[in-house]
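Heads up, the thing below is written out as structure tokens.
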Amino acid sequence: QVQLVESGGGLVQAGGSLRLSCAASGRAFSNYAMGWFRQAPGREREFVAGIDRSGGDTNYVDSVKGRFTISRDNAKNTVYLQMNSLKPEDTAVYYCAATTPHYSDYAPMYDFWGQGTQVTVSS
């Protein structure tokens with residue numbers, strides 16, 4: 001089992017920044033590829049970013065490329081999502097998730113999920 005706890009969400013004006021954190025406990029964090037997903041009201045859960053076990057390979061949905069950065073610190077058992085130039089359409093609940101061996105943009109491939117953190121971007 002892996003337990004995931006997100007933090008760092010909040011209310012921010014358009015153009016602002018937030019950094020989300022996801023702290024993992026349980027089995028060896030470095031064994032897991034990680035993903036960030038988001039879900040807005042009335043919409044399906046959407047892949048945002050993924051990172052491999054070492055942190056050397058990342059991928060993003062087109063709508064956040066150049067604005068968001070995913071990273072991880074295996075010594076701290078934490079994955080981050082730095083979000084810059086935020087837009088109102090980024091408003092959603094953001095979830096981190098763990099999977100092996102590779103990250104995916106398909107949510108059912110992930111074995112463990114956090115409880116989510118709300119991000120609200122005002123115009």
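Got a sec? What order do Arg19, Arg45 fall in by accessible area at 1.4 Å, biggest, i.e. largest, first?
Ranked from most to least accessible, the order is Arg19, Arg45.
Tell me, what % of the accessible area of the chain is carbon and sulfur with a 1.4 angstrom probe?
That fraction is 45 percent.
For a label point 7 angstrom out from the Cα of Lys65 toward its Cβ, which stretches of region 77-100 have the backbone nitrogen within less than 15 Å?
No residues fall inside that zone.
Quick one: which residues, 5 or more positions from Val48 or on another chain, have an amide H under 5 Å from its amide H? H modelled 1.01 Å from N in the peptide plane, none for Pro or chain starts.
Close amide H contacts, sequence-distant or interchain: Trp36, Phe37, Arg38.
Whole-Hz Karplus ³J(HN,Hα) for region 22-36, in order, using 6.51 cos²θ - 1.76 cosθ + 1.60 and θ = phi - 60°, x for Gly and Pro?
Result, rounded to whole Hz: 9, 8, 10, 9, x, 5, 3, 4, 5, 7, 10, 7, 10, x, 10.
Order Arg43, Arg38, most accessible first, counting only protein heavy atoms with a 1.4 angstrom probe.
Arg43, Arg38
As an exercise, find the ratio Rg/Rh for the chain from alpha-carbon atoms, using the Kirkwood inverse-distance average for Rh.
Taking Rg over the Kirkwood Rh, I get 0.94.
Give me the extension gain from Ala75 to Ser30: residue separation times 0.36 nm, minus the current Cα-Cα distance, reported in nm with one decimal.
In short, 15.3 nm is gained.
List the residues whose amide H sits under 5 Å from the amide H of Gly16, counting only those 5 or more places along or on another chain, with H placed 1.01 Å from N in the peptide plane.
Residues meeting the amide H criterion: Leu86.
Provide the per-residue ³J(HN,Hα) series for region 58-63, in order, calculated from phi with Karplus coefficients 6.51, -1.76, 1.60 and θ = phi - 60°, each as a whole number of Hz, with x at glycine and proline positions.
9, 8, 9, 5, 4, 5
Among 88-97, 47-56, 102-111, what's the highest-first ranking by average C-beta atoms within 10 angstrom per residue?
By packing density, highest mean first, the sequence is 88-97, 47-56, 102-111.
For region 64-123 and region 3-33, what is the centre-to-centre distance using only Cα atoms, to the nearest Å?
7
Express in Å², to the nearest 10, the accessible area of Phe112 obtained by rolling a 1.4 Å probe over the protein heavy atoms while all chains stay in place.
That residue has around 40 Å² of solvent-accessible surface.
Please report, in debye to the nearest 20, how large the charge dipole of the chain is about its Cα centre when each Lys and Arg carries +1 at its beta carbon and each Asp and Glu carries -1 there.
220
The values are calculated or read from the model by the stated rules, or taken from the named source; none is laboratory data. If you're wondering where the values come from, they're calculated on a predicted model, not measured in any experiment. No Cβ is skipped: glycine too gets one built from the backbone with ideal geometry, and neighbour counts run over all protein chains shown. Please note that ligands, DNA and RNA were not included when accessible areas were found on the heavy atoms of the full protein model with its side chains. Shrake-Rupley method; radii C 1.70, N 1.55, O 1.52, S 1.80 Å.
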